[in-house]
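Novice: Sharing a structure here in structure tokens format.
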Amino acid sequence: MARKTKEDPNEVLAEITPNTSRRVAAVGMAGALGTLLLLIAGMRPPADLGWLAFLVIFGALCIWLAVAMWRASSHVIALTRSELREVGGRVLTTVDNIERVDRGLFAFKPAGGFLVKLKTPVGRVYAPGLWWRAGRTLAVGGVTKRAEAKEVADLISVMLTKRDAT
């Protein structure tokens, strides 16, 4: 007689690890743009004070984005039987709150990633280059590995199919 084992809800089924080359390129481009704008503002300031303020503010925001992206993209995203979460960190969403997964060609999704439509809205969170969540939409991708993101999206789809069949 076969024994039925209880499935562990915290068992990691798949992980999405940021791609090092994409991470360095994204952070480098944002940092280079910010540095270039600040250099232009410092070395050849425009006569109009409005343009100078634009260069300084936008340059500082680009450098802030580069630092925030470097920190956020150091995390690994893990799919368990009960939730999608950062390893050792925040919960992106629970599997029970997922309505559907969209990996379509015309979906407004990050590069190499996927969209998750949630049943109930959750707060806004932005981890630049890795994932963002606003209302009923969760987007995963950016500096992630395309194959790993596809695997996680497919596993979520299978989990939803099993959930809806019962």
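The values are calculated or read from the model by the stated rules, or taken from the named source; none is laboratory data. In this text the structure is predicted, and so the values were computed from the model without any measurement. Every residue, glycine among them, receives a Cβ derived from its backbone with ideal geometry; neighbour counts consider all protein chains shown. Note: areas computed on protein heavy atoms with side chains; ligands, DNA, RNA excluded. Shrake-Rupley method; radii C 1.70, N 1.55, O 1.52, S 1.80 Å.
Novice: Relative contact order for the chain using alpha-carbon pairs under 8 Å, separation at least 6, rounded to a whole percent? If you can, show how the numbers build up before the last one.
Specialist: Working: 278 pairs, mean separation 39.0, N = 166.
In percent, rounded to a whole number, it is 23.
Novice: Limiting things to C-alpha atoms, what are the Rg and the maximum Cα-Cα separation (Dmax) for segment 18-71, in angstroms?
Specialist: Computed over the Cα atoms of segment 18-71, radius of gyration and Dmax are 12.7, 43 Å.
Novice: Follow-up question, since we're still on this one. Kirkwood Rh over Cα pairs of segment 95-166 into Stokes-Einstein at 37 °C, 0.692 mPa s: D in µm²/s?
Specialist: Rounded, D is 265 µm²/s.
Novice: Along each of the three principal axes of the Cα atoms of segment 1-90, give the extent in whole Å, ordering the values from largest to smallest.
Specialist: Extents along the principal axes, in whole Å: 84, 23, 14.
Novice: Quick one: 3J(HN,Hα) in Hz for segment 117-133, Karplus 6.51/-1.76/1.60 with θ = phi - 60°, rounded, Gly and Pro as x.
Specialist: 8, 9, 6, 10, x, 10, x, 7, 9, 9, 10, x, x, 10, 6, 8, 9
Novice: Ok, one more. Cβ under 14 Å from Ala30's Cβ, Ala30 left aside: what net charge do those residues give with Lys, Arg +1 and Asp, Glu -1? The partial results should precede the final answer.
Specialist: Details: positive: Arg22, Arg23, Arg71; negative: none.
Computed value for this residue: +3.
Novice: Once the other residues with Cβ under 12 Å from the Cβ of Ser74 are scored (Lys, Arg +1; Asp, Glu -1), what is the net sum?
Specialist: +1
Novice: Skip the ligands, DNA and RNA, and give the accessible area per residue of segment 44-117 with a 1.4 Å probe, whole Å². Write out the running numbers ahead of the final one.
Specialist: Values: 4300 Å² over 74 residues.
I get 58 Å² per residue for segment 44-117.
Novice: With bins 5 Å wide starting at 0, give me the P(r) of segment 34-166 over every alpha carbon pair, in whole percents.
Specialist: Going from the shortest bin to the longest, the percentages are 2, 10, 17, 19, 15, 9, 8, 7, 6, 4, 2, 1, 0, 0.
Novice: Tabulate in residue order the Karplus-calculated ³J(HN,Hα) for segment 49-63, using 6.51 cos²θ - 1.76 cosθ + 1.60 with θ = phi - 60°, rounded to whole Hz; enter x for Gly and Pro.
Specialist: My calculation for segment 49-63 gives 5, x, 5, 5, 4, 4, 4, 5, 5, 5, x, 5, 5, 5, 5 Hz in order.
Novice: I would also like to ask the following. Report, to two decimal places, the Cα Rg of segment 64-107 normalised by 2.2 N^0.38 Å (N = number of residues).
Specialist: The reported ratio for this selection is 1.43.
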